[in-house]
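Asks: Dropping a structure here in structure tokens format, bear with me for questions.
The values are calculated or read from the model by the stated rules, or taken from the named source; none is laboratory data. Here the structure is a predicted model, which means the values were calculated and not measured. Here the Cβ is made from the backbone with ideal geometry for all residues, glycine too, and neighbour counts use every protein chain on show.
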Amino acid sequence: MKIGQIAPDFTLPDQDRNRFNLGQHLGKGPIVIFFYPKDDSPVCTAEACAFRDRYQVFQTMGALVVGISGDQEDSHQKFAAKNRLPFTLLSDEKGEVRDAFDVPKKLGILPGRVTYILDKQGILRGMSSSLTNAKSHVDDALAILRTL
């Protein structure tokens, strides 16, 4: 995806097996979608917890935070409970949404780590990509949200 593009609509199950549709959340406020490789891995846990620790700031800015990985709903449920994550985690087991957002793979095999910041119309306004410096995604997302 490129800045200025409209994000592809999608529907995925969340950690509670409810259906989450991106289009139903448009018009309400900005949306931060972070794609991460795996529940409970050290860097992914650090990233999710960084979003958790600044979650109130995102809420104050009216932003919805959503995490997406290829893990199953049960894994997301345990990961969210273990780390007290207040936001929605979506299961993209087939990687179709990851592909629709053009999330690159690292070394050709590892799922990439990219955060997309959408305005309330679903237009991509910024992104952050780092496989190892996961906490930077939160700072980058907040900086971009401040410009909207």
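Asks: Cβ-Cβ below 7 Å, separation at least six or inter-chain, first residue in the stretch 85-105 and in a loop (DSSP other than H, G, I, E, B), second among the basic types (Lys, Arg): which pairs?
Replies: Leu85/Arg52; Pro86/Arg52; Asp92/Arg98
Asks: Right, next: Within the stretch 55-77, which residues are surrounded by fewer than 21 Cβ atoms within 10 Å (Cβ to Cβ), over 13 Å from Thr88 (Cβ atoms), in contact with a strand residue (DSSP E or B) (Cβ under 9 Å, 6 or more places away or on another chain) and in contact (Cβ under 8 Å) with a residue 24 or more places away in the chain?
Replies: Gly70, Ser75
Asks: Residues of the stretch 51-67 being within 14 Å of the chain's Cα centre (by Cα), closer than 14 Å to Leu118 by Cα and not aliphatic (A, V, I, L, M), which ones?
Replies: Hits for the stretch 51-67 are Phe58, Gly67.
Asks: Look at Ala81 and say whether it is of a type in the set (Gly, Ala, Ser) and within 27 Å of Gly4 (Cα to Cα).
Replies: Taking the combined requirement at face value, the residue does not satisfy it.
Asks: I've got another one for you. When you look at Val103, is it under 15 Å from Pro8 (Cα atoms) and surrounded by 18 or more Cβ atoms within 10 Å (Cβ to Cβ), yes or no?
Replies: Here the answer is yes, as Val103 does meet what is asked.
Asks: Checking the structure you have, find out if any residue of the stretch 107-123 is more than 19 Å from Asp40 (Cα to Cα), surrounded by fewer than 17 Cβ atoms within 10 Å (Cβ to Cβ), free of Cβ contacts under 8 Å to residues at least 12 places away in the same chain and among the small types (Gly, Ala, Ser).
Replies: yes
For (1) of a type in the set (Val, Ile, Thr); (2) assigned to a loop (DSSP other than H, G, I, E, B); (3) crowded, with 17+ Cβ neighbours inside 10 Å; (4) without any contact (Cβ under 8 Å) to a residue 60 or more places away in the chain, each residue gets a yes or a no:
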{"site": "Leu12", "(1), (2), (3), (4)": "no, no, yes, no"}
{"site": "Gln24", "(1), (2), (3), (4)": "no, no, no, yes"}
{"site": "Cys44", "(1), (2), (3), (4)": "no, no, yes, no"}
{"site": "Arg52", "(1), (2), (3), (4)": "no, no, yes, yes"}
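Asks: Check whether at least one residue in the stretch 42-51 is at pLDDT below 95, over 26 Å from Gly4 (Cα atoms) and of a type outside the set (A, V, I, L, M, F, W, C), and report yes or no.
Replies: yes
Asks: Go through Pro13, Pro37, Pro30, Pro42 for me and flag whichever is of a type outside the set (S, T, N, Q) and under 17 Å from Ile117 (Cβ atoms).
Replies: Only one candidate qualifies: Pro30.
Asks: Something else: Being in a loop (DSSP other than H, G, I, E, B), out of contact with any Cys (no Cβ under 7 Å at 6 or more places or on another chain) and modelled with pLDDT under 95: is that true of Gly108 here?
Replies: Against the criterion (in a loop (DSSP other than H, G, I, E, B), out of contact with any Cys (no Cβ under 7 Å at 6 or more places or on another chain) and modelled with pLDDT under 95), Gly108 qualifies.
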